[in-house]
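Chemist: Here it is, the structure, as structure tokens.
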Amino acid sequence: AFGGWETNVTARVWFPTVVVAQASGQTLKAVVGASVDCARFQKARLTALATFSTGEDQVVVDATDLVTFESSAPGVVAVSGAVAEGLAPGLAGISAALPFADEASPPTLGETLALSVHAAAVKVRELKTVVFTGADWGPPSPATAVALDAVVTPGLQLRNSLTAELQTASVASYALFGDGTWEDVTLEANFTLLGAAARNSLAFTAPAALEVQIGAGSLCGPYLAAEWPVCGAQAASGPGVLMLDMPAPLNATISASKLKITLDGDGASLAPFNVPTVSLLTVAVLFDDGTSQDLTFDDRSVFTLTDAATGAPTALASLTENALTVAPEAVVEGPATGVTITVTFPGAFEKPLTASVTVGIVEFDTLEVRGSPWPASPSAGGAGSDFTTLRTLGCSGVWQRLELRATGTLSDGTFKDSEVFYRQVTYSTDDPAVAAITSEPCYGGNCRGLVAAAQGNVTITGDFAGVTASLPATVSGEAIAIASVSIRDSIGVQATLFGPQGWTEAAEVDVGFADGTSVTVAAEGPNDSSDWLPPEALLSFASSRPNVAAVDGSGVLTLHANLHTTWTLSVEDVCGGQNSDAVDLFANLDPLEHDLDLGYRYTAPLGYLAVGETIEVPVRIRASEVRDLTAFQVIVTFDPALVRVDSDVDCTVGNSWASAFECTTNDPIDEVLLIGSRGF
């Protein structure tokens with residue numbers, strides 16, 4: 001029942017009313033070959049048929065697996081599971097017991113089954129032996145829906161299909177007696193393979209289990225002999241038919257997991273080349289039935305290594321099982337270096353099969369070191385990648401700096417020249433007193449920035465995995481003139497210096513030189529150059545409105561006040577080159593605690609208007625960092641000769657204030673009164 005609803009289910013319970021025991025034979029005779037000292041009588045298969053009834057309908061089913069059989073004379077007939085075996089002449093009764101029977105109303109077990117054991121001998125008419133790999137159930141007859149009390153006969157067809165190596169099959173042997181009965185004697189029989197062909201193709205893995213051997217050939221015929229010994233004498237023997245339908249090979253394939261390898265530890269194995277050091281081989285044979293077999297680790301697979309260029313035997317690589325590796329003593333001679341691996345199967349198949357694959361062998365071949373101006377700048381001109389002479393920058397007395405880069409090339413021509421490669425090269429100089437590798441850029445503690453200390457010449461050496469290259473460099477006393485200065489568009493947001501009063505920010509200036517190089521100078525920030533090239537060593541700065549935004553000698557701006565229009569930041573070359581630049585900027589203060597700000601945060605606070613145009617004027621109030629804003633009253637005044645507010649409708653509250661709000665306009669005409677409060 002659920003929620004006042006209920007339903008009923010009617011269950012029909014079936015139970016056994018009668019259980020009847022049956023046997024495949026009720027007379028068990030002595031098997032020919034038995035004697036008084038060694039008796040071997042026939043065995044019978046026991047079954048139990050149970051009648052189930054609902055009170056109206058009934059059906060008879062095989063309940064053998066549900067009952068326990070018992071013998072009234074275990075010394076005459078012994079019962080094991082569902083098999084009764086005669087032990088001595090005499091009579092015995094066989095009964096069936098249901099372990100789950102309800103003691104209150106047990107089923108009727110029917111009459112006791114009587115078995116008799118006789119000393120009279122029975123001959124074995126035939127010993128029938130079969131080999132099978134499975135069985136197929138056929139449809140019952142008739143193959144239609146049947147009534148509850150109908151009887152159907154299912155079909156069972158043994159299957160014998162051995163078509164591949166290592167497949168298995170089972171062997172069964174049956175004794176057919178002269179009295180018309182039969183008995184499964186598989187566990188007592190002895191089996192023997194006949195002929196070399198059978199013994200080379202099959203083997204027993206258990207007393208009655210066969211396995212197809214590696215290299216098995218097709219065969220069909222009585223290649224199996226069965227013998228049933230009874231008391232030391234042969235009671236019966238007979239042949240068994242073996243059928244192996246082994247498919248014929250069509251072709252072989254060999255593949256390599258990697259088509260290019262290098263010696264373990266060689267520079268080619270390192271990032272970013274990442275050439276593998278092992279290539280795994282896979283061998284397969286395709287057969288005419290569409291199947292294939294992996295023979296990679298099969299003893300029939302024979303591998304031969306030859307030089308890919310000459311075809312001669314080679315020691316360039318070695319093969320351990322299926323793993324191909326470069327030999328430590330291998331000599332790599334250009335892009336054609338490689339190994340051809342050929343696989344054959346001597347004597348394994350009637351049709352000769354062969355396959356081959358070629359794996360290239362490479363090594364890290366050459367390293368080339370080059371110089372590039374540092375810091376790198378998009379505005380750098382014709383300095384190129386052969387930058388090896390360091391001069392002083394303008395009138396600063398500070399030498400240029402150089403970033404070392406490199407190109408690595410493998411023996412097959414593959415090369416890498418990006419930062420991913422050259423940042424992993426280690427660099428050094430032969431005279432650190434003239435110039436040393438001590439500055440950025442660095443990667444993982446490995447720096448590649450050349451810093452000059454005195455005039456002179458040095459040789460720079462790059463090293464990658466033991467392969468080295470040199471680059472000569474000169475530290476000159478010559479000064480290189482400033483060719484241009486340009487203030488970067490990096491100040492504030494939308495050309496607006498904004499923040500609280502006293503906010504500072506450094507201007508960034510690109511300084512171009514006569515040799516085509518360019519350096520970005522700044523006193524702080526991401527392009528801070530003050531530790532090696534202070535901006536004031538090359539430039540002077542000026543502000544057109546220092547009371548609004550001041551600038552010091554190093555280009556650091558300080559915000560002091562708001563301004564409704566732009567102010568100008570200018571910069572000049574102090575080395576006499578008459579290079580200069582200027583930019584127009586806006587200034588806007590962010591409100592402090594308990595303060596407010598009118599107008600936009602960026603660009604002109606109130607914009608630029610023509611007569612008749614309208615403008616929105618944001619009013620931003622800043623509360624305390626630790627206390628919420630509970631109430632405010634703001635009076636905005638203006639010159640009514642210049643601007644007007646039409647009505648209170650033009651005054652709206654922002655989404656960040658959800659409490660009470662009032663706005664009064666035109667009372668007086670030059671004011672707007674804003675009032676807000678929160679309830680407690």
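The values are calculated or read from the model by the stated rules, or taken from the named source; none is laboratory data. Just so you know, these numbers come straight off a predicted model, no measurement behind them. Neighbour counts run over all protein chains shown; Cβ positions are idealised from the backbone, glycine included. The accessibility values were calculated without ligands, DNA or RNA, using every heavy atom of the protein model including side chains. Shrake-Rupley method; radii C 1.70, N 1.55, O 1.52, S 1.80 Å.
Chemist: Taking the condition of being assigned to a loop (DSSP other than H, G, I, E, B) and either hydroxyl-bearing (Ser, Thr, Tyr) or open to solvent by less than 50 Å² (accessible area, probe 1.4 Å) (or both), how many residues in segment 612-647 meet it?
Modeler: Narrowing segment 612-647 to residues assigned to a loop (DSSP other than H, G, I, E, B): 612-618, 623-630, 638-647.
Now drop any that are not either hydroxyl-bearing (Ser, Thr, Tyr) or open to solvent by less than 50 Å² (accessible area, probe 1.4 Å) (or both), which leaves 614, 618, 623-624, 629-630, 638, 640, 645, 647.
Of the residues in segment 612-647, 10 are assigned to a loop (DSSP other than H, G, I, E, B) and either hydroxyl-bearing (Ser, Thr, Tyr) or open to solvent by less than 50 Å² (accessible area, probe 1.4 Å) (or both).
Chemist: Tally the residues that are open to solvent by 20 Å² or more (accessible area, probe 1.4 Å), more than 16 Å from Ala164 (Cα to Cα) and at pLDDT below 95, restricting the search to segment 209-234.
Modeler: Adding up the residues that qualify gives 5.
Chemist: Which numbered condition in (1) in a loop (DSSP other than H, G, I, E, B); (2) out of contact with any Ser or Thr (no Cβ under 7 Å at 6 or more places or on another chain); (3) open to solvent by 30 Å² or more (accessible area, probe 1.4 Å) is the only one that Glu593 fails?
Modeler: Every condition holds for Glu593 apart from (2).
Chemist: Do you know which residues across segment 415-436 are within 41 Å of the chain's Cα centre (by Cα) and either open to solvent by 50 Å² or more (accessible area, probe 1.4 Å) or within 11 Å of Arg401 (Cβ to Cβ) (or both)? Break it down into steps so the answer makes sense when it comes.
Modeler: Just the residues of segment 415-436 that are within 41 Å of the chain's Cα centre (by Cα), to begin with: 415-428.
If the condition is that a residue be within 41 Å of the chain's Cα centre (by Cα) and either open to solvent by 50 Å² or more (accessible area, probe 1.4 Å) or within 11 Å of Arg401 (Cβ to Cβ) (or both), then Phe415, Lys416, Asp417, Ser418, Glu419, Val420, Arg423, Gln424, Thr426, Ser428 are the ones that fit.
Chemist: Continuing with this model, one more query. If you go through segment 305-336 one residue at a time, how many are under 36 Å from the mean Cα position of the chain (by Cα), open to solvent by 70 Å² or more (accessible area, probe 1.4 Å) and hydroxyl-bearing (Ser, Thr, Tyr)?
Modeler: Residues flagged as under 36 Å from the mean Cα position of the chain (by Cα), open to solvent by 70 Å² or more (accessible area, probe 1.4 Å) and hydroxyl-bearing (Ser, Thr, Tyr) within segment 305-336 amount to 1.
Chemist: Quickly run through segment 308-332 and pick out the residues that are hydrophobic (A, V, I, L, M, F, W, C) and part of a loop (DSSP other than H, G, I, E, B).
Modeler: Of everything in segment 308-332, those that are hydrophobic (A, V, I, L, M, F, W, C) and part of a loop (DSSP other than H, G, I, E, B) turn out to be Ala308, Ala309, Ala312, Ala315, Leu316, Ala327, Ala330, Val331, Val332.
Chemist: Does Ser53 fit the bill of being of a type in the set (Ser, Thr, Tyr), surrounded by 14 or more Cβ atoms within 10 Å (Cβ to Cβ) and closer than 13 Å to Ala114 by Cα?
Modeler: Numbers: of a type in the set (Ser, Thr, Tyr): yes; surrounded by 14 or more Cβ atoms within 10 Å (Cβ to Cβ): yes; closer than 13 Å to Ala114 by Cα: no.
So Ser53 does not fit the description; no.
Chemist: Moving on. So which strands (runs of 3 or more DSSP E) stay within segment 226-307 end to end and still have 1 or more residues that are closer than 30 Å to Val124 by Cβ, in contact with a Cys (Cβ under 9 Å, 6 or more places away or on another chain) and not polar (S, T, N, Q)? Talk me through it step by step, then tell me what you get.
Modeler: Details: elements: 233-244, 249-256, 260-262, 279-287, 292-294, 302-307.
Output list reads 233-244.
Chemist: On to the next question. Six or more apart or on different chains, Cβ under 6 Å: which pairs go from a residue in segment 486-510 that's at positive phi and hydrophobic (A, V, I, L, M, F, W, C) to one that's surrounded by fewer than 19 Cβ atoms within 10 Å (Cβ to Cβ) and part of a loop (DSSP other than H, G, I, E, B)? Could you list them?
Modeler: none
Chemist: Still on this structure, please answer the following. Quick one: which of Val331, Val343, Val398, Val359 is modelled with pLDDT of 95 or more and out of contact with any Phe, Trp or Tyr (no Cβ under 7 Å at 6 or more places or on another chain)?
Modeler: Val359
Chemist: If you take the residues in segment 662-680 that are touching a Ser or Thr at 6+ places or on another chain (Cβ under 7 Å) and charged (D, E, K, R), which one is farthest from Thr614 (Cα to Cα)?
Modeler: Arg678
Chemist: Thr664 - would you say it is more than 26 Å from Gly502 (Cβ to Cβ) and touching a helix residue (DSSP H, G or I) at 6+ places or on another chain (Cβ under 7 Å)? I'd like the intermediate steps shown before the answer.
Modeler: On the way: more than 26 Å from Gly502 (Cβ to Cβ): yes; touching a helix residue (DSSP H, G or I) at 6+ places or on another chain (Cβ under 7 Å): yes.
It is true that Thr664 is more than 26 Å from Gly502 (Cβ to Cβ) and touching a helix residue (DSSP H, G or I) at 6+ places or on another chain (Cβ under 7 Å).
Chemist: If you check Asn200 against the conditions, is it closer than 22 Å to Asp245 by Cβ, touching a residue at least 24 places away in the same chain (Cβ under 8 Å) and of a type in the set (S, T, N, Q)? Can you show your working first?
Modeler: Values: closer than 22 Å to Asp245 by Cβ: yes; touching a residue at least 24 places away in the same chain (Cβ under 8 Å): no; of a type in the set (S, T, N, Q): yes.
It is false that Asn200 is closer than 22 Å to Asp245 by Cβ, touching a residue at least 24 places away in the same chain (Cβ under 8 Å) and of a type in the set (S, T, N, Q).
Chemist: Something else now. For Ser659, are the conditions met, namely being open to solvent by less than 90 Å² (accessible area, probe 1.4 Å), closer than 30 Å to Ser540 by Cα, in contact with a Ser or Thr (Cβ under 8 Å, 6 or more places away or on another chain) and polar (S, T, N, Q)? Don't jump to the end; show me each part of the working.
Modeler: Details: open to solvent by less than 90 Å² (accessible area, probe 1.4 Å): yes; closer than 30 Å to Ser540 by Cα: no; in contact with a Ser or Thr (Cβ under 8 Å, 6 or more places away or on another chain): yes; polar (S, T, N, Q): yes.
Judged against the criteria, Ser659 is not a match.
Chemist: Right, another one. Tell me, which residue of segment 69-98 that is among the hydroxyl-bearing types (Ser, Thr, Tyr) and open to solvent by 70 Å² or more (accessible area, probe 1.4 Å) is nearest to Leu187 (Cα to Cα)?
Modeler: Here is the first cut: in segment 69-98, the ones among the hydroxyl-bearing types (Ser, Thr, Tyr) are 71-72, 80, 95.
Those left that are additionally open to solvent by 70 Å² or more (accessible area, probe 1.4 Å): 72, 80.
On the way: Ser72: 27, Ser80: 15 Å.
Step by step, filter segment 69-98, then rank; the result is Ser80.
Chemist: Considering only residues that are touching a Phe, Trp or Tyr at 6+ places or on another chain (Cβ under 8 Å) and assigned to a helix (DSSP H, G or I), look in segment 193-215 and name the one that is nearest to Phe132 (Cα to Cα).
Modeler: Ala198
Chemist: A further question follows. Can you tell me which of (1) farther than 30 Å from Leu158 by Cβ; (2) acidic (Asp, Glu); (3) open to solvent by 60 Å² or more (accessible area, probe 1.4 Å) is the one Asp289 doesn't meet?
Modeler: Of (1) farther than 30 Å from Leu158 by Cβ; (2) acidic (Asp, Glu); (3) open to solvent by 60 Å² or more (accessible area, probe 1.4 Å), only one is false for Asp289: (1).
Chemist: Can you say whether Gly654 is under 24 Å from Asn547 (Cα atoms) and surrounded by fewer than 14 Cβ atoms within 10 Å (Cβ to Cβ), as far as the supplied structure shows? Walk me through it before giving the result.
Modeler: Values: under 24 Å from Asn547 (Cα atoms): no; surrounded by fewer than 14 Cβ atoms within 10 Å (Cβ to Cβ): yes.
The answer is no for Gly654.
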